[in-house]
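Here the structure is laid out as structure tokens; the discussion comes afterwards.
The values are calculated or read from the model by the stated rules, or taken from the named source; none is laboratory data. This one's a predicted model, so the numbers in the text were calculated from it and none came from an experiment. For neighbour counting, all protein chains shown are included, and Cβ atoms are generated from backbone atoms with ideal geometry for every residue, glycine included. Side chains included, ligands, DNA and RNA excluded: accessible areas come from the protein's heavy atoms. Shrake-Rupley method; radii C 1.70, N 1.55, O 1.52, S 1.80 Å.
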Amino acid sequence: MELIIGSHVSYKASDQLLGSVKEALSYGANTFMFYTGAPQNTMRGSIDIRLRDEAFSLMKDNGIDINKVIVHAPYIVNLANIQNYDFSVSFLRKEIERCNILGIKYMVLHPGSAVNSSREEALNNISDGLNLVLNNNCDVKILLETMAGKGNEVGKSFDELKTIIDNVKYKDKIGVCLDTCHLNDAGYDISDFDNVLEEFDNKIGIKYIGCVHINDSKNILGSHKDRHENIGLGTIGFDNLINVIYNEKLKSIPKILETPYVTKNDSSKEREYPPYKNEIEMIKNKVFDNDLIKRVRGN
Ligand code: FE
Ligand code: FE
Ligand code: ZN
């Protein structure tokens, strides 16, 4: 089976999913992840069916399997917080409808942050909320992301994710998205990934993994910081990330880059460029090429 690799791409009001597919193809990707609007807010426009169908045929022509494409829910949805709970639940229900229209099968969700409650209450609120959102006719699986444990973030350990999943009624509608930067920052040593995966398998089960976010980290193991770094330039390192990407047990799982844009001086103007084309090339070659990122940065 071919490696399924892509990155975060934009989804703009003007060309919607069609624009996202074009952006993914420009990076040499065969999958992608997007927010159905701005990641930091919950304003969402209606879906243009004509653009969707054009996107579908472009995907078909280029071997992108819609079943491996990922939507990411906005950060501000917080099922852990009992204030705004109704809003979070109704937003997620609408987001699932949007996924259904767009043909998307997986939605990544940050479990939440324990703002006005204990971690135990937060975990309970999350599974209760998921039980209000998920049902038998829902055609989308929600993937809880492993978090760095910044501030009051919940989902920083496999035990916490297990507690949530144990209390979710529809087990076939729930899964996990591993994020290598977050795992590192939460204290899971990616240089011994087989061991991390074994612990995950013992506690939750590998079959729950639906997506892997591939990011290097600016910070050391257990720092609880959550600052992504470009592949091979952080504390995890290129070879360790390659081990994750090509792990036999995760073969059929889409790998998504969320590494930072790089700043380049373009005729004395600072511009930001996505690193994804270069990073995907390095990943496909399994060879770290510092020059690729340097070339983007222009130094
Ligand atoms: Fe995320
Ligand atoms: Fe992530
Ligand atoms: Zn992150």
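Among the residues making up region 249-262, a single one is open to solvent by 60 Å² or more (accessible area, probe 1.4 Å), part of a loop (DSSP other than H, G, I, E, B) and charged (D, E, K, R): Lys251.
With respect to the conditions (1) of a type outside the set (Gly, Ala, Ser); (2) in a loop (DSSP other than H, G, I, E, B); (3) within 16 Å of ligand 1 (Cβ to nearest atom); (4) closer than 30 Å to Glu54 by Cβ, Met147 falls short on a single one, namely (4). Screening Asn265 with (1) open to solvent by 60 Å² or more (accessible area, probe 1.4 Å); (2) touching a residue at least 12 places away in the same chain (Cβ under 8 Å); (3) over 19 Å from Ile5 (Cβ atoms); (4) not in a strand (DSSP E or B) gives one miss only, at (4). Taking (1) within 12 Å of ligand 3 (Cβ to nearest atom); (2) open to solvent by 60 Å² or more (accessible area, probe 1.4 Å) in turn, Asn184 satisfies each apart from (2). Inspect region 66-89 for any residue being more than 30 Å from Asn124 (Cβ to Cβ), in contact with a helix residue (DSSP H, G or I) (Cβ under 8 Å, 6 or more places away or on another chain), at pLDDT 95 or above and among the polar types (S, T, N, Q) and give the result as yes or no. No: region 66-89 contains no residue that is more than 30 Å from Asn124 (Cβ to Cβ), in contact with a helix residue (DSSP H, G or I) (Cβ under 8 Å, 6 or more places away or on another chain), at pLDDT 95 or above and among the polar types (S, T, N, Q).
Candidates in region 136-156 are the residues that are surrounded by fewer than 23 Cβ atoms within 10 Å (Cβ to Cβ) and away from ligand 3 (no atom under 16 Å from the Cβ); of these, the one that is farthest from Lys203 (Cα to Cα) is Asn137.
Out of all the residues in region 205-227, which are open to solvent by 40 Å² or more (accessible area, probe 1.4 Å), in contact (Cβ under 8 Å) with a residue 40 or more places away in the chain and closer than 22 Å to Glu279 by Cβ? Lys225, Arg227 - these are the residues of region 205-227 that are open to solvent by 40 Å² or more (accessible area, probe 1.4 Å), in contact (Cβ under 8 Å) with a residue 40 or more places away in the chain and closer than 22 Å to Glu279 by Cβ.
May I ask you to list the residues in region 66-81 that are surrounded by fewer than 18 Cβ atoms within 10 Å (Cβ to Cβ) and touching a residue at least 40 places away in the same chain (Cβ under 8 Å)?
Correct list: empty.
For region 187-204, the candidate set comprises residues that are away from ligand 3 (no atom under 16 Å from the Cβ) and under 19 Å from the mean Cα position of the chain (by Cα); within that set, the residue that is surrounded by the most Cβ atoms within 10 Å (Cβ to Cβ) is Phe200.
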